[in-house]
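The values are calculated or read from the model by the stated rules, or taken from the named source; none is laboratory data. Predicted, not measured: the structure shown is a model, and the values here were computed from it. We place every Cβ from the backbone using ideal geometry, glycine too, and count neighbours over all the protein chains shown. To get the accessible areas, we keep the full protein, side chains included, count just its heavy atoms, and leave off ligands, DNA and RNA. Shrake-Rupley method; radii C 1.70, N 1.55, O 1.52, S 1.80 Å.
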Amino acid sequence: MLETSGELGVRQAYARDASGLELVPEVVARPATEAGVIDALNESRERRTPVTPAGGQTSTTGASITDRGMLMSLRALTEIGDIDREHLTIRVQAGVNLGDLKRRLAAEGLLFAPDPTSEDDVTVGGAIACNASGARSLLYGATRPHVNALRVALANGAVHELRRTRLEKNTVGYAPVHEPVDWFIGSEGTLGVILEVELALLPLPANVTGLAVPFAREADALDFIVAARTSTEVSARCLEFFDAAALEVARTAEGNERWAEGAGALVYVEQAAATGSDIPLERWLALAERFGATEDDVLVYEGDQALRDARRVRHAVPATMNERGARRRSSGGRKVSTDWAVPFRQLKDAIGEARRYATEAGIEQPVIYGHAGNGHPHQNFIARDASELARIEQVVEATLRRVIALGGTVAAEHGIGKLKRRWLPLQLTTLQLGVMRALKCELDPTGMLAPGNLF
């Protein structure tokens, strides 16, 4: 039976995500079965009602909220299949909580590698729909390569089972049609509704060590990251950057307000090793000292609990910024978060230019943190009102134009959604956008799915 509700209280409960926007849907559907999803799609198509699929609603771009038609929450699709140990795969429904799944797999000695910071709040389907990544994507990549197969429902109610070919050679047709699985990964709900997935797993690393390394200057920390990426002596699975403002938040989360006093930046490093291999801690410390780090201020995280503590400290930064942004909604402000990335060697120049744009506009410097090992930081601005929001968005656009000139992207992991669609043409040509629209038209000819996302 399909559960739907038009009650205002229910609709308001699904009206917000992490973007700072509030869009109240006209109706909420909460199907608990695949048949319920199909019924909702068929009914909406007959009534010409748009449908926006949603998971945990942690989107920073407004992709998982709507004020047009139906918000379809997939959180009730929570079946988990057995682990296939021969092929290292597992099949799960789209509403399964990612953090719960990862803990279940870890208890079996296995790892689903993608690790979005908000993994305890996201669903598997939502992570796939935005091609989520995280700190450890430096080693493991984003979600895309870890998805073997998808079961998806199209706007017309038809269900398709799609599987990667894993071919080493293929010359049949145009390259974009070789792997239909990839059409839906990162499609932000615009092409189909993800129902069920087969995920690729890895053996859980036997040994992981984390290091929190403070630096006196931001420039030294960014130079250290480039050196770590190119080193043959160490091998990081993540290289996370915290500027001075982000470090202040991390100090509070760590419970030590005096830790690394005076530091201008912090880099958090993790390295994993197989059974019988050691983590080269001395090599990491020697590399850090080359760039001015003080060994006495370095924190070492070893063991599952310590690594969870390090993750909590990292998560405290976006969580704190979300809270600050939420307090400004009543005055027309909100948090503004960037998601751009550049080739990692260009990161120091890109951050320097971004700071210059903010200074010239008279905007308070953003908190900057994130996946610097991939050349991928997040700038978090807090707009106090609508006027300041407009000025911040001008600064962001100037930054994005510079990012594109450096060979970068306007969105590296959060997608485009509704907030960033104005900047899509900065990166994609009219030819590329035309190909995207052609695919959208083929799979969703009436534009029923996720209106306002991407297009």
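For the pair Glu3 and Ala273, how long in nm is the line joining their label points, each one 7 Å along Cα→Cβ?
4.9 nm
Which net charge results for the neighbourhood of Thr66, defined as the other residues with beta-carbon distances under 9 angstrom from its beta-carbon, given Lys and Arg at +1 and Asp and Glu at -1?
Numbers: positive: Arg68, Lys418; negative: Glu26, Asp67.
With Lys, Arg at +1 and Asp, Glu at -1, the neighbours total 0.
Please report Rg (one decimal) and Dmax (integer) in Å for the Cα set of the chain.
Spelled out, the Cα radius of gyration and Dmax of the chain are 22.1, 67 Å.
In nm, to one decimal, how far is the Asp296 label point from the Ser331 one, both placed 7 Å along Cα→Cβ?
The answer from the label model is 4.2 nm.
Based on the mean of other beta carbon atoms within 10 Å per residue, what is the order of 433-442, 130-139, 290-299, most packed first? Can you show the working numbers first?
Values: 433-442: 13.2, 130-139: 23.6, 290-299: 16.0.
Descending packing order for the listed peptides: 130-139, 290-299, 433-442.
Taking Cα atoms, how many degrees apart are the long axis of helix 347-360 and the longest axis of the chain, rounded to 10 and kept between 0 and 90?
It is inclined by approximately 80 degrees.
For the chain, give the percent of accessible area contributed by carbon and sulfur heavy atoms, probe 1.4 Å, rounded to a whole number. Intermediate values should be presented prior to the final figure.
Working: 9790 of 19980 Å².
Carbon and sulfur: 49 percent of the exposed surface of the chain.
Could you list, in their original order, any pairs among Lys335/Lys440; Lys348/Lys420; Lys420/Lys440; Lys335/Lys418 whose Cα atoms are separated by more than 26 Å? Can you show the working numbers first?
Working: Lys335/Lys440 31 Å; Lys348/Lys420 24 Å; Lys420/Lys440 18 Å; Lys335/Lys418 15 Å.
Table pairs above 26 Å Cα-Cα are Lys335/Lys440.
Can you give me the angle between helix 304-326 and the longest principal axis of the chain, using Cα atoms only, in degrees from 0 to 90, rounded to the nearest 10?
With rounding to tens, the tilt is 70 degrees.
For labels at Ala386 and Glu26 in the simple 7 Å Cα→Cβ model, what's the distance in nm?
Reported label-point gap for Ala386 and Glu26 is 2.5 nm.
Quick one: accessible area per residue over the chain, 1.4 Å probe, rounded to a whole number of Å²?
On the way: 19980 Å² over 455 residues.
That works out to 44 Å² for each residue.
Under the classification rounded if a/c is under 1.5, otherwise prolate if a/b is larger than b/c and oblate if not, where does region 156-302 fall, given a ≥ b ≥ c as square roots of the Cα gyration tensor eigenvalues?
On the way: a/c = 2.61, a/b = 2.07, b/c = 1.26.
The shape class here is prolate.
For the chain, what does -39500 (n - 2.57) per DSSP helix run (n ≥ 4), summed and divided by total residues, give at 222 nm, in deg cm²/dmol to the nearest 500?
Numbers: 14 runs with 152 residues, N = 455.
After summing the helix terms and dividing by the residues of the chain, the value is -10000 deg cm²/dmol.
Quick check: from the Cα gyration tensor, does region 56-98 come out rounded (a/c under 1.5), prolate or oblate?
Values: a/c = 4.20, a/b = 2.55, b/c = 1.65.
Here region 56-98 falls in the prolate category.
Within 13 Å, Cβ to Cβ, of His315, how many net charges do the neighbouring residues add up to if Lys/Arg are +1 and Asp/Glu are -1? Working shown, then result.
Working: positive: Arg308, Arg311, Arg312, Arg314; negative: Asp115, Glu119, Asp120, Asp121, Glu240, Glu254, Asp309, Glu323.
Net local charge, His315 excluded: -4.
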